[in-house]
1. Viscosity 1.306 mPa s, temperature 10 °C: give me the Stokes-Einstein translational D for the stretch 30-101 in µm²/s, with Rh taken as the Kirkwood radius over C-alpha pairs.
2. Give me E127, E54 ranked fewest to most by other Cβ atoms within 10 Å of their Cβ, as a rough exposure proxy.
3. How big, on average over all directions, is the shadow cast by the Cα convex hull of the stretch 108-179, in nm²?
4. For a quick check: with amide H placed at 1.01 Å from N, whose amide H comes under 5 Å from Q142's, ignoring anything fewer than 5 positions away on the same chain?
5. Karplus couplings for the stretch 132-146 from phi (6.51 cos²θ - 1.76 cosθ + 1.60, θ = phi - 60°), rounded to Hz, Gly and Pro as x?
Amino acid sequence: MKTPSARYILIAGFLLTMTACAASRAHEATGEYVDDAAITAKVKTMLVANPITEAHQIEVETFRGVVQLSGFVESEHERDVAEQVALGVGGVRSVHDNLALRAAHRSAGEVLDDGVITTRVKTALIENPVTKAHEINVVTSQGTVQLSGFVDSANEMSEATAVARAVPGVRGVQNALEMKPAP
């Protein structure tokens, strides 16, 4: 037969486990995470299927039904269409359009340089103890780095900007990071 102290330990362990699994402002419950992953996949699929949007240039993040579009697009029309596509997906509560217009022409060298800068910024974010690199998307166009995604704190947002600015070759940083919305 179990002693009273063993029962308390089991109950305390159960309560700690349940508390750790509960959704909070910064973390999603398992069902919310699955729903958001499905919404993200549907939005990406619809962007690929649309002849106007160049889906490979558009980052999509979802947190509790709020979709964030980021990256660089060729025109205002493409930007508007991408937003309408996202709004048309079931389960989307709202869309935050952080898409920026790309300059008209880029040389192959500029594209290569942008890729190197993106890689360096991602590496710096991974190495930084404050930033959670898996929550931050990084895209670069003509030396301008755009950071996007949903993060836990204002401190993480500002630290990510500082990290990106410190990377050699970065000409500017557009911080489109957002705080994770409250439930």
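1. Approximately 135 µm²/s, per Stokes-Einstein.
2. E127, E54
3. Numbers: hull surface 15.8 nm².
Taking the Cα atoms of the stretch 108-179, their convex hull projects to 4.0 nm² on average.
4. HN-HN under 5 Å from Q142: empty list.
5. Once θ is set to phi - 60°, the couplings for the stretch 132-146 become 9, 4, 5, 9, 10, 8, 10, 9, 10, 9, 6, x, 8, 9, 10 Hz.
Values quoted throughout were computed directly from the atomic coordinates according to the rules given, and no laboratory measurement underlies them. It should be emphasised that the depicted structure is a prediction, and the values quoted were computed from it without experimental measurement. Don't worry about glycine lacking a Cβ; one is built from the backbone with ideal geometry, like all the others, and counts go over all protein chains shown.
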